[in-house]
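Inspection log for the structure reproduced underneath, given as structure tokens.
The values are calculated or read from the model by the stated rules, or taken from the named source; none is laboratory data. Computed from a predicted structure; not experimentally measured. Heads up, the Cβs are rebuilt from the backbone with ideal geometry, glycines too, and the neighbour counts pull from every protein chain shown. The accessibility values were calculated without ligands, DNA or RNA, using every heavy atom of the protein model including side chains. Shrake-Rupley method; radii C 1.70, N 1.55, O 1.52, S 1.80 Å.
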Amino acid sequence: MAAATSSSTIEPPKYGRLITILSVDGGGIRGIIPAVILEYLESQLQALDGPEARLADYFDVMSGTSTGGLITAMLTAPNTQKRPLYSAKQIVPFYLEHSPHIFPQSRGIFGSIIGSVKDATGPKYDGKYLHNLVNKLLGTTRLHQTLTNIVIPAFDIKKLQPTLFSSYRAPASSAMDARLADIAIATSAAPTYLPSHYFTNQDKDGNTEEFHLIDGGVAVNNPSFLAISEMTKQIAKNNSSFDSNSMPLDFSRFLVISLGTGSNKTEQKYNAKLSATWGPLSWIYYHGSTPIIDVFSKASVTMVDYHNCVFFHALGSDDNHLRIDDDTLTGDLSSVDIATQSNLNNLVEVGKKLLKKPHSRINLASGHYEPIPNSTTTNEDELKRFAKLLSEERRLRKSNAKAAY
């Protein structure tokens, strides 16, 4: 795309009919759930277009927050052959191998006591394993080098405002053209769990900018609307990557897949009578959980889903917006950091079962996901349909681009 600086593997939207977006929520180890979904989606694209097909070949923008930001970086960072560093099927094994080291579990009664003391005096985890892993994985790769455009949010704790790492805002000459490793570490720096991330970057004139960042979920845990907004802004600016008939609010052209990491709805952990007695410490730590983080992240996800559903429905484009999430998680499954082997394996099974569940949409009144009336389609069926649309769009763009040249 002309306005973006990524090494794009996909022809720009002006050669096609659609504007394609993939988004992955934050959620710690629950990133396993969308990773299972992504593996299935990529397998369907490979069935249509061959074994070398990768998700970055089909989406104009890929966005992610926190654990979703790390997934986004892994799927879009180039290897030495200028192809995606990771295929979708490699993401789940990555989580299974590394999560127990990123979130080491306290053992026994003394382990629990030590863990509680650490929770009260500093981040629950020191982040050293994660930082070393991400730095080794992504190295010196910078934002402008991704294989398609990406949007990853963080939050600057010094400025008290969101920081948006977007391909459209970060030419190679800009201080926002940060290393992907720093971006992935920053967006994952969940308060109380992992330390804030500080780094500096210089622009082409040698001016240094400081970043004091924490988890992007503080700003928005479901970043799909950020990607939509970035694309809409480009259309409004008459970006040459879009045809002249595009309108800033023409959501009928947008094709959006938004993947959640699961949430807890059936087992209510908190209530008003209970929380009315809480002081600062209880809001930060209550029976092994962090209520204030749970509240902020869930509110962010729900409000974005509400926004997307209203807009796509109002413009008659419901079928262009696929949201897949599971709001029935209980116990350890709803945790962001209980990285025991059994819980990680159970999250894989949650993802597999979610594929088989009926295609659902959020009930705007109750906030619950409910099967679409008079429909027999599953999430698996919808992903197959979207894979076909993505494949057709890619072929159309290639054909029209070839004819234009």
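Within the stretch 192-207, which residues are within 27 Å of Y286 (Cβ to Cβ) and open to solvent by less than 40 Å² (accessible area, probe 1.4 Å)?
Start the filter on the stretch 192-207 by keeping residues that are within 27 Å of Y286 (Cβ to Cβ), which leaves 192-197.
Matches in the stretch 192-207: Y193, L194, P195, H197.
Collect the residues in the stretch 122-178 that are under 20 Å from Y95 (Cα atoms), open to solvent by less than 30 Å² (accessible area, probe 1.4 Å) and not aromatic (F, W, Y), keeping them in residue-number order.
Our first condition is that a residue be under 20 Å from Y95 (Cα atoms); within the stretch 122-178, this holds for 124-139, 152.
Right, trim to open to solvent by less than 30 Å² (accessible area, probe 1.4 Å) and you get 125, 127, 130, 133-134, 138-139, 152.
Once the filter is applied, which keeps residues that are under 20 Å from Y95 (Cα atoms), open to solvent by less than 30 Å² (accessible area, probe 1.4 Å) and not aromatic (F, W, Y), the stretch 122-178 yields G127, L130, L133, V134, L138, G139, I152.
Could you please find all residues in the stretch 305-325 being open to solvent by less than 10 Å² (accessible area, probe 1.4 Å) and within 17 Å of the chain's Cα centre (by Cα)?
Hits for the stretch 305-325 are D305, N308, L322, I324.
Taking the stretch 332-362 only, how many residues are surrounded by fewer than 19 Cβ atoms within 10 Å (Cβ to Cβ), small (G, A, S) and assigned to a loop (DSSP other than H, G, I, E, B)?
0
Of everything in the stretch 56-76 that's buried (at least 24 other Cβ atoms within 10 Å of the Cβ) and of a type in the set (A, V, I, L, M, F, W, C), which residue is farthest from K352 (Cα to Cα)?
As a first pass, look at the stretch 56-76 and keep what is buried (at least 24 other Cβ atoms within 10 Å of the Cβ): 56, 58-73, 75-76.
With the extra rule that they be of a type in the set (A, V, I, L, M, F, W, C), the set shrinks to 56, 59, 61-62, 70-71, 73, 75.
Numbers: A56: 23, F59: 23, V61: 25, M62: 22, L70: 21, I71: 18, A73: 23, L75: 20 Å.
Among those that are buried (at least 24 other Cβ atoms within 10 Å of the Cβ) and of a type in the set (A, V, I, L, M, F, W, C), it is V61.
Kindly provide the set of residues from the stretch 38-59 that are outside any helix (DSSP H, G or I) and not hydrophobic (A, V, I, L, M, F, W, C), ordered by number. Can you show your working first?
Our first condition is that a residue be outside any helix (DSSP H, G or I); within the stretch 38-59, this holds for 50-54, 58-59.
Selection gives G50, P51, E52, R54, Y58.
Only one of R17, R30, R83 is open to solvent by 10 Å² or more (accessible area, probe 1.4 Å) and within 14 Å of the chain's Cα centre (by Cα); which? Steps first, please.
Details: R17 fails: within 14 Å of the chain's Cα centre (by Cα); R83 fails: within 14 Å of the chain's Cα centre (by Cα).
R30 is the lone residue from the list that is open to solvent by 10 Å² or more (accessible area, probe 1.4 Å) and within 14 Å of the chain's Cα centre (by Cα).
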